[in-house]
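Novice: Could you have a look at this structure, given as structure tokens, before my questions?
The values are calculated or read from the model by the stated rules, or taken from the named source; none is laboratory data. Everything quoted here is computed from the prediction, not taken from an experiment. Using ideal geometry, Cβ is built from the backbone for each residue, glycine included, and neighbour counts are taken over all protein chains shown. To get the accessible areas, we keep the full protein, side chains included, count just its heavy atoms, and leave off ligands, DNA and RNA. Shrake-Rupley method; radii C 1.70, N 1.55, O 1.52, S 1.80 Å.
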Amino acid sequence: IGKITSFEMGLRYDFSSMQTSLISRFSKNENSFSQSANGSLLFDQKNKYIGTYNNTMVGMGGFTFIAFLDINGNGKRDNNEPKILGLNIRVNGGRIVKRDNDSTIRVIDLTPYTSYLVEINNSSFQNIAWKVKNKALSVYADPNQFKTIEIPVDVMSEATGTVSLKSKKGTRGLGRVYVDFYRNDGSLFGRTLTESDGYYSFMGLRPGNYIARMDSSQLEKIKM
């Protein structure tokens, strides 16, 4: 029986863009060396993005999330509506990739032909009046491509004022009464209740014209 003596040594290092390895094998009669590198290039043609990933992405899917300021409230991104910073998402799979100088969020390494639940958090936007209407989305992953999801961020305005009651004794604030907000077509958009001093505040008005007036049914009940 022949006696074989050998020694093998290997080194592996993971870069952000690729995985590399070096293996050396030493024996009595011969020596061998092997090297390898593994990784992927990511292309998002629609949004002009080229990136790298240190694992194989062939056949996998990806998402590109872009939050924009929906100035006119139509739910679609127009030419004058800019991207905004502060979007935060959670996805039940994949890997989230962010860039400090860009508001775009990408999710890579997704299993194709699978629906993923995306949860949106709008608490970190630059303005507290910016809100996302749909905070949960179901997105389907397609193989070998980035799917772009544009998220409209509504510009919410606040209306404030005071309801006062005039009498012979003077003027005082009227508390615990409703103030209704109507759209131009006469439909009710929302309502708020006045404080004890008559002050009211309503947050959540989208761009447009509104009419604010007292609730007629309540006024009849309190005989005003």
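Novice: Condition first: of a type outside the set (A, V, I, L, M, F, W, C), surrounded by 13 or more Cβ atoms within 10 Å (Cβ to Cβ) and either within 21 Å of V155 (Cβ to Cβ) or at pLDDT 95 or above (or both). Now tell me which residues in segment 202-224 satisfy that.
Specialist: Result: G204, R206, P207, Y210.
Novice: Another question, then. Looking at D102, is it of a type in the set (D, E) and free of Cβ contacts under 8 Å to residues at least 40 places away in the same chain?
Specialist: yes
Okay, residues lined up against (1) under 9 Å from the mean Cα position of the chain (by Cα); (2) within 26 Å of L42 (Cα to Cα); (3) hydrophobic (A, V, I, L, M, F, W, C):
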position: V107; (1), (2), (3): no, yes, yes
position: A129; (1), (2), (3): no, no, yes
position: Y140; (1), (2), (3): no, yes, no
position: F146; (1), (2), (3): no, yes, yes
position: D154; (1), (2), (3): no, no, no
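Novice: Kindly evaluate K131 against the criterion of being touching a strand residue (DSSP E or B) at 6+ places or on another chain (Cβ under 7 Å), more than 26 Å from S16 (Cβ to Cβ), in a strand (DSSP E or B) and open to solvent by 20 Å² or more (accessible area, probe 1.4 Å).
Specialist: So K131 fits the description; yes.
Novice: If you check every pair at least six apart or on different chains, which have Cβ atoms under 6 Å apart with a residue in segment 118-138 that is of a type in the set (V, I, T) first and a residue that is modelled with pLDDT under 90 second?
Specialist: V132/N122
Novice: Which fully enclosed strands (runs of 3 or more DSSP E) of segment 143-209 have 3 or more residues being in contact (Cβ under 8 Å) with a residue 12 or more places away in the chain?
Specialist: Hits in segment 143-209: 146-155, 157-162, 178-182, 188-193, 199-205.
Novice: What is the one condition in (1) surrounded by 14 or more Cβ atoms within 10 Å (Cβ to Cβ); (2) at pLDDT 95 or above; (3) more than 26 Å from K221 (Cα to Cα) that F125 does not satisfy?
Specialist: (2)
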